[in-house]
Structures are given as C-alpha cells and as structure tokens.
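Here is the structure we will look at.
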Amino acid sequence: MKKVSLLGAGSWGTALAITLANNGYEVTLWSALETEITLLQTHREHVDRLPGAKLPDNIQLTTDLEAACRDQELIVLSVASPYVRSTAKQASPFIKDGQIIVNVGKGIEEETLMTLTEIIEEELPQAEVAVLSGPSHAEEVSKQIPTTVVVGAKRKATAEFIQDIFMNEVFRVYISPDITSIELGGALKNVIALAAGMVDGLGYGDNTKAALITRGIAEITRLGLAMGGNRETLCGLSGLGDLIVTCTSNHSRNHNAGYLIGKGYSMEAAMEEVKQVVEGVYSAKAAWKLAQKYQVSMPIIEEVNAVLFHGRSAKEATKTLLCRNRVAEYPDLKWNA
Ligand SMILES: NC(=O)c1ccc[n+]([C@@H]2O[C@H](COP(=O)([O-])OP(=O)(O)OC[C@H]3O[C@@H](n4cnc5c(N)ncnc54)[C@H](O)[C@@H]3O)[C@@H](O)[C@H]2O)c1
C-alpha cells in the first residue's frame, strides 16, 4: 500500500486522513499535541470535532514527527495557520529532497505577509510545495458529502499527482497553476466571514449578507489582481466558492466568532467562546497591510480591522461602509454616454 501522512490532526487533517484512507492509502496522522493523539487513539474518532466519523484501520496515529515524514508519497500540512512555520521548521531534518508537500491551511503571516506555501518553501527549500483549497468543511467531507476543491502547483505533473491521490466519487479535485490566487482566496475569505457573522449577530438579513459576499469578492479580486493572480481563480472554488460556504454556514468558526462580536462580545471574548483558532482575526491585519502595500481599496477589510482592533462597534462599521462616497460598482467599465 502507498504511504501518505498528514501533519496536523485537527478537524481538517482528520477528515482528509479519512478520505485518503478510503482511497486505499496507508495513512499516518501526526499531531504535536499528545492529548489530540490520545483522544484519537482512544475513540478512533475526533469525538468533539467530527462526531460519528470513525477512523478506518489503515490510519496510524503518532506524535513522532520523523516517523510521519519518512518514506511518504505525499505529506499534507494540515496544522492551523499560526503553526505552519514552526511545524515546517521542526520537520525540516526529516524531509527528503523533492518531497511533495501539499498545504491545506488558510492564512497569511502577519509580520512577513507571506502565504503559507511561501512559508513552507522558505523553511523546506528541498521540497516541492503545492496547495489544496476550496469550499470544504471538514464536518461534511468526513461524512463523504460531495465536495470540490482545487490543487495549485507550479508544475502540472505535481498538481495531477496530488489530484490522483485525493480524487474519488465524492471528492472532486481540479488543478490550477495559480497558487497565489488560491492562497489569497482561502485566507481572505476568513476575514469577510467575520464580517458576515457580525451582520448576522446584528440581526440584519439576507440582503446584507449577499452584499458582503459580492463586495467581499470584489475586494479580494482587486488585491489578487494587483498581486499577479487571475480573476478566474479568484472567482472560482477557492475564492468565491469558499467565501460563499464560509459566510453562510454555521460550521465556520470565523462566522461564529463574528456573530458573537455582532452580539456585543469583544474580539477576545468571542475567540475564547469559539474555543478554536479563529484564523480570520490573524489574517485581518495581514490583509489590511497587503491592501496598503499594493494600494488597493479594501473597505470591508478596513472596517473589520477597526472592529477587531480599534474599538469600533459592528453597527458603526456597517454604517461607515454604507455611507462611503458614491461610486460605480465596477469603475473600469466604460459608459456609452
Ligand atoms: N476545518 C475545516 O473544515 C477546514 C477546511 C479547509 C481548510 N481548513 C484549514 O486547515 C487548517 C487546519 O484546520 P482545522 O480545522 O483542522 O484546525 P483545528 O483548529 O481543528 O486544528 C488545528 C491543528 O493544528 C495543530 N496544532 C495546534 N496547536 C499546535 C502547536 N502548538 N503546534 C503544532 N500543531 C498545533 C493540531 O494538530 C490541531 O489539531 C486551517 O488552516 C484551516 O483554515 C480547515
């Protein structure tokens, strides 16, 4: 049996481990957290995060990073984004030349403004790094609910290699050379999802949510194009697709944290209540710095930052957005008269 491993045994690492085990691979699931591995060993199930999703027998659990990195066809990096650099650094001595690694996390590093793939490439120059992203809640993937994602890689052969490993009749994998847009879409949708949660917490309606999704993707697209990405990818599965699912689903921890903030919780209290890493909070500052660096207008991102870090209420932020200067929806479109 061919071997694959996943570094990071949270909801997503575990759901993907189940997918790969069902595809016939010998799977190793690693975590830095002893408690997480003990829990998985005891119940063969992530009882809190993915109740009912049993781990098939061909998944081995370990806290031994060297064993998890040895002789693997593919290594999936599935830790929460704040731990991507430290995990890659720790794994470095055990990663062979040419090892294919696929990042499935979503985020941008605040200090460096690097995407997760760029961070992994910096820490593991001996590896070939790709990304997998799209509208894919772990809760649904672990139950074999039909899902589509996209794999981005520099070389088409690498993207196809990863596509073959993951693809099955309920998990459809597309490929793309546009890594930048895939990573940006995944990271920035978490910030817009916080805003979508806030408007739900304020008791606003579907109109407001639809406005946030469409104006949110307009912002993400402006930044993505300035950074060399493609409109098609930004409006594809990993951009608009993931934005829709994250803004409308109660599986989203970003949406749930935003909801509590809309109800009047502070950012810290909301993160405490959600009890998971709320990645949008980390990506919000990075997104605003990127907007300034590339001189791109990102009013929703600006207001989310004002609410999270500068004491503005969600209600005031909504009013500020609605009362901005009058503009055209897409200023580049030409008028006939
Ligand atoms: N949950 C989903 O549905 C989903 C779907 C697609 C992508 N993602 C992305 O995948 C990544 C992981 O998401 P998740 O839902 O599994 O997150 P999670 O919060 O459930 O798990 C994060 C995992 O990171 C690891 N971790 C935590 N602290 C660590 C530390 N100090 N050192 C090393 N590792 C540590 C642990 O294995 C932990 O389980 C995120 O970037 C997320 O955006 C999640």
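The values are calculated or read from the model by the stated rules, or taken from the named source; none is laboratory data. These figures come from a predicted structure and were not determined experimentally. All Cβ positions, even for glycine, are placed from backbone atoms using ideal geometry, and neighbour counts span all protein chains on display. Only protein heavy atoms, including side chains, enter the accessible area calculation; ligands, DNA and RNA are left aside. Shrake-Rupley method; radii C 1.70, N 1.55, O 1.52, S 1.80 Å.
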Using alpha-carbon pairs under 8 Å, 6+ residues apart, how would you state the relative contact order of the chain in percent? 14
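Where does each of 100-107, 277-284, 159-166 land if you order them by average Cβ count within 10 Å, highest first?
On the way: 100-107: 26.5, 277-284: 24.6, 159-166: 18.8.
Ranked by mean Cβ neighbours within 10 Å, highest first: 100-107, 277-284, 159-166.
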Å² per residue, accessible surface of segment 3-177 at 1.4 Å: 41
Which of Tyr330, Gly264, Asn254 sits closest to the plus end of the dipole of the chain, meaning its Cα is farthest towards the positive end, when Lys and Arg get +1 and Asp and Glu get -1 on the C-beta? Tyr330
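Quick one: work out the % antiparallel among DSSP beta bridges in the chain, nearest 5. Display every interim value, and only then the final one.
On the way: 6 of 32 bridges.
About 20 percent, rounded to the nearest 5.
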Using the Karplus curve 6.51 cos²θ - 1.76 cosθ + 1.60 with θ = phi - 60°, what ³J(HN,Hα) values do you get for each residue of segment 136-153, in whole Hz, with x for Gly and Pro? 8, 6, 4, 4, 7, 4, 5, 9, 6, 7, x, 9, 10, 9, 10, 9, x, 8
Hey, any idea what % of the chain's accessible area is carbon plus sulfur with a 1.4 Å probe? 50
Compute the FRET efficiency between Met167 and Phe309 as 1/(1 + (r/R0)^6), taking r as their Cβ-Cβ distance and R0 = 35 Å, and round to the nearest 0.05. 0.30
Compute a Gaussian network model of the chain, connecting alpha carbons closer than 10 Å, and tell me which residue from Leu290, Leu65, Leu39 fluctuates the most. Leu39
Approximate spin-label separation Arg155-Thr38, in nm, with each point projected 7 Å along Cα-to-Cβ: 4.3
Proximal lysines relative to Lys89, as straight alpha-carbon distance under 25 Å, when same-chain residues fewer than 8 apart are discounted: Lys3, Lys106, Lys154, Lys285
Antiparallel content of DSSP bridges confined to segment 3-177, in %, to 5: 20
I'd like to check one number: the per residue accessible area of segment 233-288, probe 1.4 Å, reported in Å² as a whole number. 41
For the chain, set up a GNM with springs between Cα atoms under 10 Å and report which of Lys263, Lys319, Lys156 has the largest fluctuation. Lys319
Calculated FRET value between Lys2 and His251, using beta carbons and R₀ = 51 Å, to 0.05: 0.95
Taking H as built 1.01 Å from N, whose amide H comes closer than 5 Å to the amide H of Ile175, not counting residues under 5 places away? Val151
Which cross-chain or sequence-distant (5 or more) residues have an amide H under 5 Å from the amide H of Gln60, H modelled 1.01 Å from N in plane? Val27, Thr28, Leu29
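Looking only at segment 1-76, where both bridge partners belong to it, what percent of the DSSP beta bridges are antiparallel (to the nearest 5)? Each step should come with its number before you reach the end.
Details: 1 of 13 bridges.
Bridges in segment 1-76 are about 10 percent antiparallel.
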Under the rule of at least 5 residues apart or a separate chain, name every residue whose amide H is placed under 5 Å from the amide H of Glu128. Gly98, Gln99, Ile100, Ile101
Enumerate the calculated ³J(HN,Hα) couplings along segment 245-253 in order (Karplus 6.51 cos²θ - 1.76 cosθ + 1.60, θ = phi - 60°), each rounded to whole Hz, writing x wherever the residue is Gly or Pro. 5, 6, 7, 10, 10, 7, 6, 7, 5
